[in-house]
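Written out below as structure tokens is the structure these notes cover.
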Amino acid sequence: MDSAELATRARRAYERGRWRMALQIAPLVAVLVALSFVAAGGSTLTALAGAALLATATVLRWRGGALGAGVRAGLAAGLVPFTLLLVLKCSAHTMCAVGMCMSHCTPFCGIGGLVAGVLIAVRARRHADHLVAFLAAGSAIAALTGLLGCFVGGVTGIAWMLAGELAATLPAFAVELRRR
């Protein structure tokens, strides 16, 4: 076996290992999607958001570095709006019983998004050399994770969640851009 063939085989083995490591996130994403289906009702949007979350998280983990680190932070931060809305939906809340759930749930989407954004911005300080990559990856994963729960609040709930997350992470982006 010549050295070029050996190098090719080693590179393939290395890449297969990276993909296997990246795909370890799949069971967690499957659980989140299943919880969303059970609590919020199965929909095409939930399935699409779950597929987008799985694909994005897998690719970012495969890339590694600050992008891979952003996946873990984004999942943890995205669990805030995800859990908050699913708990509200599953509780025997009187507002939901009389059909006013949407108007009551949407502000909680915004609060969950704001908390998620703050968590990502705080964690981003550990990745000062690659802050923008970490913030972008973490924000994308948190938004996709939060979407699985904020479908309960409808389009308005999703908009509130994204606005809350952006309100917390945009200042961190701005500080980094100004520093450069």
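In table form, for the structure just shown:
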| read-out | value |
| --- | --- |
| Residue match in the stretch 81-92 (condition: assigned to a helix (DSSP H, G or I), farther than 21 Å from Val38 by Cβ and at pLDDT 80 or above) | no |
| Count of residues meeting criterion [charged (D, E, K, R) and modelled with pLDDT of 90 or more] in the stretch 98-129 | 1 |
| Hits in the stretch 151-172 (condition: under 24 Å from Ala34 (Cβ atoms) and either in contact with a strand residue (DSSP E or B) (Cβ under 8 Å, 6 or more places away or on another chain) or among the aliphatic types (A, V, I, L, M) (or both)) | Val152, Val155, Ile158, Met161, Leu162 |
| Pick from the stretch 7-50, criterion among the aromatic types (Phe, Trp, Tyr) and either without any contact (Cβ under 8 Å) to a residue 12 or more places away in the chain or touching a strand residue (DSSP E or B) at 6+ places or on another chain (Cβ under 7 Å) (or both), ranking: farthest from Ala73 (Cα to Cα) | Tyr14 |
| Answer residue from the stretch 122-142, given it is under 12 Å from the mean Cα position of the chain (by Cα) and crowded, with 24+ Cβ neighbours inside 10 Å and is farthest from Gly74 (Cα to Cα) among those | Leu135 |
| Positions within the stretch 46-66 being hydrophobic (A, V, I, L, M, F, W, C), surrounded by fewer than 21 Cβ atoms within 10 Å (Cβ to Cβ) and within 21 Å of Glu15 (Cα to Cα), in sequence order | Leu54, Ala55, Val59, Trp62 |
| Residue check, Thr46 hydroxyl-bearing (Ser, Thr, Tyr), within 26 Å of Leu114 (Cβ to Cβ) and at pLDDT 90 or above | no |
| Enumeration of residues in the stretch 1-43 that are polar (S, T, N, Q), in a helix (DSSP H, G or I) and either exposed (fewer than 13 other Cβ atoms within 10 Å of the Cβ) or at pLDDT 90 or above (or both) | Ser3, Thr8, Gln24 |
| Cβ pairs under 6 Å, 6+ apart, first in the stretch 112-125 and closer than 13 Å to Phe173 by Cα and of a type outside the set (A, V, I, L, M, F, W, C), second modelled with pLDDT under 90 and part of a helix (DSSP H, G or I) | Gly117/Glu165; Gly117/Ala168; Gly117/Thr169 |
| Test: residue in the stretch 59-71 that is closer than 14 Å to Gly146 by Cα, in a helix (DSSP H, G or I) and at pLDDT 90 or above | yes |
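The values are calculated or read from the model by the stated rules, or taken from the named source; none is laboratory data. Small disclaimer: the values here were computed from a predicted structure and weren't measured. Here Cβ is always computed from backbone atoms with ideal geometry, including for glycine, and neighbour counts include all displayed protein chains.
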